[in-house]
Amino acid sequence: MSATPTILILDDRSSNTLTATNGASWRMISDTVMGGVSPGSLMPTVIEGRACLRLTGEVSLKNNGGFVQASLDLSASGLLDAGDHAGVEVEVFGNGETYNLHLRTDDTRIVWQSYRASFQAHPSWQTLRLPFESFLPHRIDQPLDKHRLRRLGVVAIGRKMQVDICIARLSLYKY
C-alpha cells in the first residue's frame, strides 16, 4: 500500500483575483525593473473550464534583459518552513515552452540569486511535481534550505520567447 501524499495548498485560484489562498498577492515582475524591455501581464482567467492565473508576455534580450515572472511570497510572516515537505506541485497549462520555478530563501539576498528547476508547460493541463532536490542554486553557494523559504516565482528567462503559462494550483507535497 503506497502512502497518500499530503499537501499544503499555497494557491488554488479560488479567489479569482491576484490574491492567493495563502493570503499573499501574486505580482508580475519583468526585466524592466533593471532596464530591460520585456513586457508582461498577469491576470486571473479561466482556461478549459479551470480557474487559473495567466502570465503572458515576451522575453526580450535587449538592454541586457531576459525575464518575465509571476512571483508569490510564501508566508505572511516572512518565511515558510517546508522541512517536512518533499517539493512543489504545480498544475499548469502552457504553450510548449520551457519555464523555470525559482525559490528564494532568506539566504538569497541579491536579486539574481535563486534556486531553479525547469519544466516544460504543454498546451494541456498537467500536474508537475518538482522535488526540492531538483532545485539548483543559481549564483549562490549555499544549498537550498527548505526550512526558510521566502518566495516562489514562475519564470520565463534567458532566451527570446513568447510567454503564455497558466497556473491552476500551487502547493507543497509530502509523503
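The values are calculated or read from the model by the stated rules, or taken from the named source; none is laboratory data. Source: prediction; values computed, not measured. Heads up, the Cβs are rebuilt from the backbone with ideal geometry, glycines too, and the neighbour counts pull from every protein chain shown.
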Among the residues of segment 55-78, is any closer than 17 Å to L170 by Cα and modelled with pLDDT under 95?
-> yes
Exactly one of T108, T45, T56, T17 is assigned to a strand (DSSP E or B) and over 15 Å from the mean Cα position of the chain (by Cα), and that one is T45
Which ones in segment 24-36 are surrounded by fewer than 16 Cβ atoms within 10 Å (Cβ to Cβ), modelled with pLDDT of 95 or more and more than 14 Å from V155 (Cβ to Cβ)?
-> S25
If you go through segment 134-150 one residue at a time, how many are touching a strand residue (DSSP E or B) at 6+ places or on another chain (Cβ under 6 Å), over 18 Å from D81 (Cα atoms) and surrounded by 17 or more Cβ atoms within 10 Å (Cβ to Cβ)?
-> 0
Considering only segment 112-133, how many residues are touching a His at 6+ places or on another chain (Cβ under 8 Å), surrounded by fewer than 13 Cβ atoms within 10 Å (Cβ to Cβ) and either at positive phi or not aromatic (F, W, Y) (or both)?
-> 0
Which of (1) without any contact (Cβ under 8 Å) to a residue 60 or more places away in the chain; (2) in contact with a Leu (Cβ under 7 Å, 6 or more places away or on another chain); (3) over 19 Å from A156 (Cβ atoms) does A20 not meet, given it meets every other one?
-> (1)
Failed condition for I29, given (1) within 21 Å of H138 (Cα to Cα); (2) part of a loop (DSSP other than H, G, I, E, B); (3) of a type outside the set (K, R), with all others met?
-> (2)
Index of the failed condition, R109 passing every other in (1) surrounded by fewer than 19 Cβ atoms within 10 Å (Cβ to Cβ); (2) at pLDDT 95 or above = (2)
Looking at this structure, is H85 assigned to a loop (DSSP other than H, G, I, E, B) and either of a type in the set (S, T, Y) or surrounded by 21 or more Cβ atoms within 10 Å (Cβ to Cβ) (or both)?
-> yes
Assigned to a strand (DSSP E or B) and more than 21 Å from D145 (Cβ to Cβ): does that describe L103?
-> no
Only one residue in A168, A117 is over 27 Å from N64 (Cα atoms), in contact with a strand residue (DSSP E or B) (Cβ under 6 Å, 6 or more places away or on another chain) and not charged (D, E, K, R). Which one?
-> A168
Can D141 be described as touching a residue at least 24 places away in the same chain (Cβ under 8 Å) and part of a loop (DSSP other than H, G, I, E, B)?
-> no
